[in-house]
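After the C-alpha cells below, expect a handful of questions from me.
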Amino acid sequence: MAGEKFRHENIMPLIAYGEDNDKYYLVYEHMSSNLADDIAGLSWNHVVRILKGIAQGLQHIHGKGYVHGDFKPQNILLTQGKEAKITDFGTLSRDDGRGFSNFTRGYSALELAIGALPTKKSDVFSFGIILIQLLSRSMDLKSEDSALALTELTINCTKKCPEGRPTMNKVIRTLNDFI
C-alpha cells in the first residue's frame, strides 16, 4: 500500500519502513482510536462524515484496481477530529481473481464463506455491515425519508448477490444527500 499510487486523505499513510535483525517494521501516523472502539456516542454529523470518508477511501482503492479484502471497524482508524483512515492492507489484492481472503466472521461477504475470492462487491458488503452498525448507534435521523434512504442503501450494500450491490461511487452520491 506504500507509494504515491495509493495516497488519499482517507487511507493511512505509510511514513517509513525498515528491517532490523530480520524483523520488518512499518511506521504509520499515530491515531487515537479505531472505529470499533469509538463507534458508540458519535453524533449524526460525525457518523455521516465518517461513512463518506470510508466510502471515498474504499472507492480510491477500488479505482486503482484493488480490493481491501478484510474491511471491518478495527481497520478504520480515527483522527482526533474523527476523520476516517483505512488501514491494515495485509489482504490487499488485485481485483482480477487473484489473491486471498482473510475471512472475518460478521463482516465478510457471504460468497467468501464458500470459497470465493474477495472483490470490490465483497468490500461493499463489508461496508454495508459497518453502515448498519453505525446507523444503529446513531439514529438521530433528520426525517423519515432519511431513515428510508439509508435503510435502502444498507439493504443494497448487503445483497446476497454481488452483482446487485452498488459501486462505492453510488454509495458516496447517496451519502452526499445527508451532508
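The values are calculated or read from the model by the stated rules, or taken from the named source; none is laboratory data. A quick note: this is a predicted structure, and the numbers were derived from the prediction, not measured. Every residue, glycine among them, receives a Cβ derived from its backbone with ideal geometry; neighbour counts consider all protein chains shown.
So, in region 2-41, exactly how many residues are crowded, with 19+ Cβ neighbours inside 10 Å, assigned to a loop (DSSP other than H, G, I, E, B) and out of contact with any His (no Cβ under 8 Å at 6 or more places or on another chain)?
2
Check off (1) of a type outside the set (Gly, Ala, Ser); (2) buried (at least 16 other Cβ atoms within 10 Å of the Cβ); (3) at pLDDT 80 or above; (4) more than 23 Å from Ile61 (Cα to Cα) for Leu135 and give me the number that stays unchecked.
(3)
Just a yes or no: is a residue in region 31-38 among the charged types (D, E, K, R) and modelled with pLDDT under 85?
Yes; the residues of region 31-38 include at least one that is among the charged types (D, E, K, R) and modelled with pLDDT under 85.
Okay, moving on. Consider only pairs whose beta carbons are under 9 Å apart and that are at least six residues apart or on different chains; among these, list those whose first residue lies in region 27-39 and is aromatic (Phe, Trp, Tyr) and whose second residue is part of a loop (DSSP other than H, G, I, E, B).
As it stands, the answer is Tyr28/Met12; Tyr28/Pro13; Tyr28/Thr87, since those pairs meet every condition given.
Sticking with this structure for a sec: Quick one: Asp140 ticks every box in (1) of a type in the set (Asp, Glu); (2) at pLDDT 80 or above; (3) surrounded by fewer than 15 Cβ atoms within 10 Å (Cβ to Cβ) bar one, so which box is it?
Failed condition: (2).
Filtering region 44-60 down to residues that are in contact (Cβ under 8 Å) with a residue 60 or more places away in the chain and in contact with an Asp or Glu (Cβ under 7 Å, 6 or more places away or on another chain), which residue is nearest to Asp123 (Cα to Cα)?
Result: Leu58.
If you don't mind, there's one more thing I want to ask. Of all residues being hydroxyl-bearing (Ser, Thr, Tyr) and assigned to a loop (DSSP other than H, G, I, E, B) in region 91-109, which is modelled with the lowest pLDDT? Just the residue, please.
Ser101
Residues in region 143-179 that are modelled with pLDDT under 90, hydrophobic (A, V, I, L, M, F, W, C), part of a helix (DSSP H, G or I) and surrounded by fewer than 18 Cβ atoms within 10 Å (Cβ to Cβ): how many?
Adding up the residues that qualify gives 3.
Okay, moving on. So which residues in region 75-90 are in contact with an Asp or Glu (Cβ under 8 Å, 6 or more places away or on another chain), under 17 Å from Ser126 (Cα atoms) and modelled with pLDDT under 90?
Result: Asp88, Gly90.
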